[in-house]
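Quick notes on the structure that follows.
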Amino acid sequence: MEARAGQGIMAFLRKNRLYYALIAPGLLYFLIFHYVPLYGIIIAFKDVAPFDGFRGIFTSEWVGLKQFHTFTGSYYFWDILGNTVIISLYRLLFGFPAPIVLALLMNEVRIVAFKKVVQTISYLPHFISMVVMAGLTTTVFALDGGTINEVLHRLGFEPLYFLGDGRYFRSVLVSTGIWKEIGWGTIIYLAAIAGIDPQLYEAAVVDGAGKLRQIWHITIPGILFVIVIMFIFAAGGLLNAGFEQIFLLYSPPVYKVADIIDTYVYRKGLVEMQYSFATAVALFKSVIAMALLLGTNYLAKKLNQDGIW
């Protein structure tokens, strides 16, 4: 019986070999760059010296939770954790509903050519490199000669140091991030809206429902399962406050409101070469993120919504 089962599996693999060949590069990518390096997490529980090399992973002294205690007891812990959570919450609060609203608005556009133009324009920022986007942001919000400050000057206001003042930095960070990704985020919601039965809208029109009632009672419930799944992923990534964007835009004057876990890990790991400590901080973030993901998925199940498993 076992031999028969083995022959059946081999026959199945031979029959679908082209499909497996198609997904092989993706599987190899995740295996090599995401799963194999997981063994390196062990250095979070050791004290690896900067020049120990690969051998240090196996030969360094085991120190247990020392690196974690050092981080949680450090002077910067609450500032860094607070900045990470606040910026991420801003992104979740304002950035998560933005593509949903845009998708709902696009769905109501009846002029096909205009709709395609709007979609194309809203998608384009996603393909702009973050480095280029940071350059554009710096140009637009620069203190001297920046577009925004030029407008303020002409209106009789004093120029504002948007990227060097903690009062404005987070707002600029979140708003430019939304601008970059809002169009790309609408794709999945527009696809979900396209799957709603048109007869529901026709019945609603017969019953006298206007556009807002159709959106509230048909469109939103029709895509609610997608919204829930996307929210679970967003909540799981709550501590991903956007390393690349912050790293390219922040400066010492705004460290107090902009320094997050990822930028702290960069400085400690790559600049100061405290590899074990940086790994411990990154692992701490990953554990919290996993807890948020599991908790949000559990909550969705309790509310009778589809989760990610």
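The values are calculated or read from the model by the stated rules, or taken from the named source; none is laboratory data. Bear in mind the structure is a predicted one, so any value in this text is a computation, not a measurement. Cβ placement follows ideal geometry from the backbone for every residue including glycine, while neighbour counts extend to all protein chains displayed.
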Inset, instruction - For residues that are without any contact (Cβ under 8 Å) to a residue 12 or more places away in the chain and either part of a helix (DSSP H, G or I) or within 17 Å of residue 258 (Cβ to Cβ) (or both), tally how many sit in region 55-71. - result: 3
Inset, instruction - Report the residue count in region 184-213 for those that are under 26 Å from residue 120 (Cα atoms), surrounded by 14 or more Cβ atoms within 10 Å (Cβ to Cβ) and not aromatic (Phe, Trp, Tyr). - result: 8
Inset, instruction - Out of 225, 231, 247, report the one residue that is of a type in the set (Phe, Trp, Tyr), touching an Asp or Glu at 6+ places or on another chain (Cβ under 7 Å) and assigned to a helix (DSSP H, G or I). - result: 225
Inset, instruction - With the condition kept exactly as written, say whether any residue in region 223-236 is of a type outside the set (D, E, K, R), more than 30 Å from residue 119 (Cα to Cα) and either at pLDDT below 90 or within 17 Å of the chain's Cα centre (by Cα) (or both). - result: no
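Residues are listed down the side, and each one gets a yes or a no for (1) more than 21 Å from the chain's Cα centre (by Cα); (2) of a type in the set (Lys, Arg); (3) under 30 Å from residue 189 (Cα atoms):
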position	(1), (2), (3)
239	no, no, yes
243	no, no, yes
246	no, no, yes
252	yes, no, no
256	yes, yes, no
Legend entry - Residue that is farthest from residue 221 (Cα to Cα), among those in region 94-122 that are modelled with pLDDT under 90 and outside any helix (DSSP H, G or I): 111
Inset, instruction - Go through the residues of region 159-171 one by one and say whether even a single one is modelled with pLDDT of 90 or more and either in contact with a strand residue (DSSP E or B) (Cβ under 7 Å, 6 or more places away or on another chain) or of a type outside the set (Phe, Trp, Tyr) (or both). - result: yes
Inset, instruction - Kindly indicate whether residue 121 is of a type in the set (Val, Ile, Thr), on the phi < 0 side of the Ramachandran plot and loosely packed, with under 12 Cβ neighbours inside 10 Å. - result: yes
Legend entry - Counted residues, region 40-58 - those being surrounded by fewer than 16 Cβ atoms within 10 Å (Cβ to Cβ) and farther than 12 Å from residue 279 by Cβ: 7
Inset, instruction - Kindly check whether there is at least one residue in region 267-283 that is of a type in the set (Val, Ile, Thr) and in contact (Cβ under 8 Å) with a residue 24 or more places away in the chain. - result: yes
Inset, instruction - Residue by residue through region 139-171, note down the ones that are touching a residue at least 60 places away in the same chain (Cβ under 8 Å), buried (at least 16 other Cβ atoms within 10 Å of the Cβ) and assigned to a helix (DSSP H, G or I). - result: 169, 170
Inset, instruction - Could you tell me which of the residues 102, 93 is farther than 19 Å from residue 187 by Cβ and either buried (at least 17 other Cβ atoms within 10 Å of the Cβ) or hydrophobic (A, V, I, L, M, F, W, C) (or both)? - result: 93
Legend entry - residue 41 vs. criteria closer than 27 Å to residue 271 by Cα and either β-branched (Val, Ile, Thr) or at pLDDT 85 or above (or both): yes
Legend entry - residue 180 being farther than 29 Å from residue 125 by Cα and in contact (Cβ under 8 Å) with a residue 40 or more places away in the chain: no
